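Trainee: After the structure tokens below, expect a handful of questions from me.
The values are calculated or read from the model by the stated rules, or taken from the named source; none is laboratory data. The model shown is predicted, which means the values in this text are computed figures rather than measured ones. Backbone-built Cβ (ideal geometry, glycine too); neighbour counts: all protein chains shown.
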Amino acid sequence: MKNKEINEKSLDDPNLKETKESEKQYFKKKPKSNFLAIIGNYLKTHIFTAIILILIAAISSATSVLGPKIIQYMMKTLLVPTSALLLFHQYVSKGNFSIGDLNDLLDKSNSGVKLKGDPNYILSNNDESLISNSKNYFTSLGNLDLGWVDWIYVQIALFILLGITTYLSQFIAGIMGKNIEIDLRNKALERLVKQDMSYYSDKKIGEILTKIVSDTQTIGEQAQQVPVTFMGALFTFCGSIATLSTIDLKLTGVVVLLMISIFGVLITTFGIVKKIALRVRKSITNINGDVTDRIATIRLIKASGTENYETERFKKIHIDYNKKSRTLIATQSSIITVITVGISSIQVAIVVAAALMYYDTPAYLAITLSSFISGIGTMVGPIMQITRLIIGLIQASAGSIRINEIIKSKSILDVSYEKEAGLKLKEIKGDIIFKDIEFAYPEKPEKVILPKFSFKFEHGKSYAFVGETGAGKSTIAKMLLRFYDPSNGQILINGNTDLRNLNLSSYLDKVGYVEQEPQILYGNVFDNVKYGRFDATDEEVIDACKKANLDEIIMSWPEKYNTILGERGMMLSGGQKQRLVIARMILKDPELLILDEATSALDNIVEKEIQKELDKLMVGRTSISIAHRLSTIKNCDQIIVLGRDQGVVQIGTFEELKKQDGHFKKLYEAGLMD
Ligand SMILES: Nc1ncnc2c1ncn2[C@@H]1O[C@H](COP(=O)(O)OP(=O)(O)OP(=O)(O)O)[C@@H](O)[C@H]1O
């Protein structure tokens, strides 16, 4: 297919349309990055790490900054004697040359180079090689008088120090990066599990995964690089400028001007690249969302024979990503080119400037230029590092915007999870009252699913909700589990306490939920049955499995109770899964049992067996079933009939409702209760 065609077609893809729309909304809100704040907060709480990093950066910068100074001293100790010798010849030819004259000459050269050894011996021997030999000269570093060979030793010592400090800074920064990554991921995961269900209704699992896995990783990697590189580069840069200024102030001025222009370019492009990087991240997130979605529905793909269609579709959804990535790569390449060329031109500019300035003093030009060029070399490293750092910083900023969308998201349940928040519920010993309840999903507030109604669930009795599809039966369960709060009205627990005022964990501790497609965790049988009552013993688990008629099946597996279940483990049949959940409920012994079409996915024979177990489980506790099957509702104390968009339309026992004209009778006669 031609590119244009693919492009046009790809725009029809709802996935891409959705991205473009959400992107527009996204940039309208002007997302703020707080990557630097993340690092700042970490360092604020880890002062010791901050101090060590600053110290190490300062030491390691000093080691590289001193390089040109050492070269300057070494060059002086090597070159000054040659000049001194020339002058010595002039004086000697005039006769009467003293050691004072030689030291005067050295002082006048303003080089700081001094004569080593006994000057009288040197002069009385009148040996030119003694004067010309640079071994006999030194430059001072504090109290130390160092000859040119000593300066090489200093250089080597500095290299070793540089090695040690580099290792230490990388190690400490690496730990910091990992801590930040793990901390962010944990915070995001905490937020995700504490979110109410409406949060998930417009998000794809793959999108969330990209943020949790890949964005946190990028932030961690950059957190490892940014502070160390930035501090090191800053110190080296300032140190280099200081060192260069001791060599030649005017030339240093030229370097500073050139550097300011290069940083100007970097700063102006930062914002542009950040925006493009965000677009790329959004695009790849969308792809990840799509891939997870398709892999999760692989059975549909296999059963429909749509493998080739999907392969083509995957290619198409990459067009947008490819386009955005190219823009990003092109922008980044331009920046690196500008910086690299800019930096290289500094050396040329300095040679030209120095030649123009010191045309008439070639000796000074030679010494100054050689140490200056070496000094610029020291500066180039940090600038290149800062350039790369800025690109990394942009990626991390994009990542931090995205992970913060999760971390900073609000939930209606926020308060309920705090340990001390809300009233702790000891037991559900009274009635559960739905008082003037009205419900519309927050995602679609204009569509009222359940118009205002009130109902009392008496303690210890069994209730069933019936009604045609979409009438709002499962919505009742969702409200009782606090997946959603009612739009109006109250759910009163024990007849008087608003569910919203209860500590949620203390309430859900006493609630058992069995759904149509039970959720099995990756873990062994013990892990799965104990989920929700972690203090139970293995014996209690085995006992619960026996009561749920599951023990015999488990014992037939090679690993018995240690068999791994879940996505990558043993696959269970629908009936086995339900039995496992029943065992979980037997162990949990909840005071309120919610059964949401628990048996509707099972065949008749298995359904009968499971219903028998559920009936046993329901004895002595308040139970609310959402049901399709006659067998589920027949024995219930009360049946509540829901009509689509009408809410509660009838209430009564099975025998009563069967006889009454109305909604239930229609459902029953239409065979919807079989
Ligand atoms: N998250 C949601 N956002 C918006 N509307 C929703 C959401 N979940 C469900 N609905 C809508 O609410 C209505 C009631 O859904 P509910 O699942 O409670 O029906 P139900 O009676 O249990 O149906 P079924 O018997 O088919 O399971 C439906 O019209 C459904 O489309």
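Trainee: I'm trying to understand the selection: among the residues of the stretch 612-627, which are outside any helix (DSSP H, G or I), away from the ligand (no atom under 16 Å from the Cβ) and of a type outside the set (Lys, Arg)?
Mentor: Of everything in the stretch 612-627, those that are outside any helix (DSSP H, G or I), away from the ligand (no atom under 16 Å from the Cβ) and of a type outside the set (Lys, Arg) turn out to be Val619, Gly620, Thr622, Ser623.
Trainee: Let me ask something additional. What is the one condition in (1) basic (Lys, Arg); (2) under 31 Å from the mean Cα position of the chain (by Cα); (3) closer than 30 Å to Pro382 by Cβ that Lys250 does not satisfy?
Mentor: Result: Lys250 passes all but (2).
For (1) at negative phi; (2) in a loop (DSSP other than H, G, I, E, B); (3) surrounded by 16 or more Cβ atoms within 10 Å (Cβ to Cβ), each residue gets a yes or a no:
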| residue | (1), (2), (3) |
| --- | --- |
| Ala366 | yes, no, no |
| Ser371 | yes, no, yes |
| Met384 | yes, no, no |
| Arg388 | yes, no, no |
| Gly392 | yes, no, yes |
| Ser397 | yes, no, yes |
| Phe434 | yes, no, yes |
| Glu443 | yes, yes, no |
| Lys456 | yes, no, no |
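Trainee: Sticking with this one: Say we look at the stretch 179-197 and pick out the residues that are surrounded by 15 or more Cβ atoms within 10 Å (Cβ to Cβ) and within 22 Å of Gln225 (Cβ to Cβ); which of these is nearest to the ligand (Cβ to nearest atom)?
Mentor: Looking at the filtered set, the residue picked out is Ala188.
Trainee: Based on what the data block shows, is Arg533 in a loop (DSSP other than H, G, I, E, B), of a type outside the set (Gly, Ala, Ser) and either away from the ligand (no atom under 16 Å from the Cβ) or touching a Gly at 6+ places or on another chain (Cβ under 9 Å) (or both)?
Mentor: On the way: in a loop (DSSP other than H, G, I, E, B): yes; of a type outside the set (Gly, Ala, Ser): yes; either away from the ligand (no atom under 16 Å from the Cβ) or touching a Gly at 6+ places or on another chain (Cβ under 9 Å) (or both): yes.
When the stated conditions are applied, Arg533 passes them.
Trainee: Sticking with this one: Within the bounds of the stretch 259-275, is there any residue that is touching a Leu at 6+ places or on another chain (Cβ under 8 Å) and under 30 Å from Ile70 (Cβ atoms)?
Mentor: Within the stretch 259-275 (the criterion being touching a Leu at 6+ places or on another chain (Cβ under 8 Å) and under 30 Å from Ile70 (Cβ atoms)), the answer is no, since none of the residues qualifies.
Trainee: Name the one entry in Ile633, Ile640, Ile594 that is out of contact with any Leu (no Cβ under 8 Å at 6 or more places or on another chain), at pLDDT 90 or above and within 16 Å of the ligand (Cβ to nearest atom).
Mentor: The match here is Ile640.
Trainee: If you don't mind, there's one more thing I want to ask. If you check every pair at least six apart or on different chains, which have Cβ atoms under 8 Å apart with a residue in the stretch 558-572 that is farther than 18 Å from Ile298 by Cβ first and a residue that is surrounded by fewer than 12 Cβ atoms within 10 Å (Cβ to Cβ) and at pLDDT below 65 second?
Mentor: none
Trainee: Would it be correct to say that Leu580 is within 16 Å of the ligand (Cβ to nearest atom) and at pLDDT 85 or above? Step through it out loud before you land on a result.
Mentor: Details: within 16 Å of the ligand (Cβ to nearest atom): no; at pLDDT 85 or above: yes.
No, not satisfied.
Trainee: Right, something else. Which condition breaks for Lys577 when tested against (1) touching a residue at least 40 places away in the same chain (Cβ under 8 Å); (2) surrounded by fewer than 21 Cβ atoms within 10 Å (Cβ to Cβ); (3) not in a helix (DSSP H, G or I); (4) not acidic (Asp, Glu)?
Mentor: Result: Lys577 passes all but (3).
Trainee: Sticking with this one: In the set Thr387, Thr361, which member is in contact (Cβ under 8 Å) with a residue 40 or more places away in the chain and polar (S, T, N, Q)?
Mentor: Unique residue meeting the criteria: Thr387.
Trainee: What's the total number of residues in the stretch 240-281 that are touching a helix residue (DSSP H, G or I) at 6+ places or on another chain (Cβ under 6 Å), charged (D, E, K, R) and within 30 Å of Arg313 (Cα to Cα)?
Mentor: Of the residues in that region, 3 qualify.
Trainee: Please indicate, with yes or no, whether at least one residue in the stretch 492-514 is touching a residue at least 12 places away in the same chain (Cβ under 8 Å) and within 16 Å of the ligand (Cβ to nearest atom).
Mentor: Yes - at least one qualifying residue is present in the stretch 492-514.
Trainee: May I ask you to list the residues in the stretch 482-526 that are charged (D, E, K, R) and outside any strand (DSSP E or B)?
Mentor: Across the stretch 482-526, the qualifying residues are Arg482, Asp485, Arg500, Asp509, Lys510, Glu517.
Trainee: Same structure again: Of everything in the stretch 440-464, what is hydrophobic (A, V, I, L, M, F, W, C) and more than 8 Å from the ligand (Cβ to nearest atom)? Give them in sequence order.
Mentor: Ala440, Val448, Leu450, Phe453, Phe455, Phe457, Ala464 - these are the residues of the stretch 440-464 that are hydrophobic (A, V, I, L, M, F, W, C) and more than 8 Å from the ligand (Cβ to nearest atom).
Trainee: Of the residues Asn186, Asn179, only one is more than 30 Å from Val65 (Cα to Cα), without any contact (Cβ under 8 Å) to a residue 24 or more places away in the chain and of a type outside the set (A, V, I, L, M, F, W, C); which?
Mentor: Answer to the selection: Asn186.
Trainee: Also: Please go through (1) within 32 Å of the chain's Cα centre (by Cα); (2) closer than 29 Å to Met571 by Cβ; (3) more than 16 Å from the ligand (Cβ to nearest atom); (4) not in a loop (DSSP other than H, G, I, E, B) for Lys478 and return the number of the only condition it doesn't satisfy.
Mentor: (3) is the only condition that Lys478 fails.
A quick yes/no check of all residues on (1) in contact with a Phe, Trp or Tyr (Cβ under 8 Å, 6 or more places away or on another chain); (2) modelled with pLDDT under 75; (3) more than 30 Å from Gln222 (Cα to Cα):
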| site | (1), (2), (3) |
| --- | --- |
| Asp13 | no, yes, yes |
| Thr19 | no, yes, no |
| Glu23 | no, yes, no |
| Lys29 | no, yes, no |
| Phe48 | no, no, no |
| Ile54 | no, no, no |
| Leu79 | no, yes, yes |
| Phe88 | yes, yes, yes |
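Trainee: While we're on this one: Could you list, in sequence order, the residues of the stretch 466-475 that are within 8 Å of the ligand (Cβ to nearest atom) and either buried (at least 21 other Cβ atoms within 10 Å of the Cβ) or hydrophobic (A, V, I, L, M, F, W, C) (or both)?
Mentor: Gly467, Ala471, Gly472, Lys473, Thr475 - these are the residues of the stretch 466-475 that are within 8 Å of the ligand (Cβ to nearest atom) and either buried (at least 21 other Cβ atoms within 10 Å of the Cβ) or hydrophobic (A, V, I, L, M, F, W, C) (or both).
Trainee: State yes or no: is Gly239 under 30 Å from Ile54 (Cβ atoms) and not aliphatic (A, V, I, L, M)? It would help to see each step written out before you state the result.
Mentor: Numbers: under 30 Å from Ile54 (Cβ atoms): yes; not aliphatic (A, V, I, L, M): yes.
Criteria met by Gly239.
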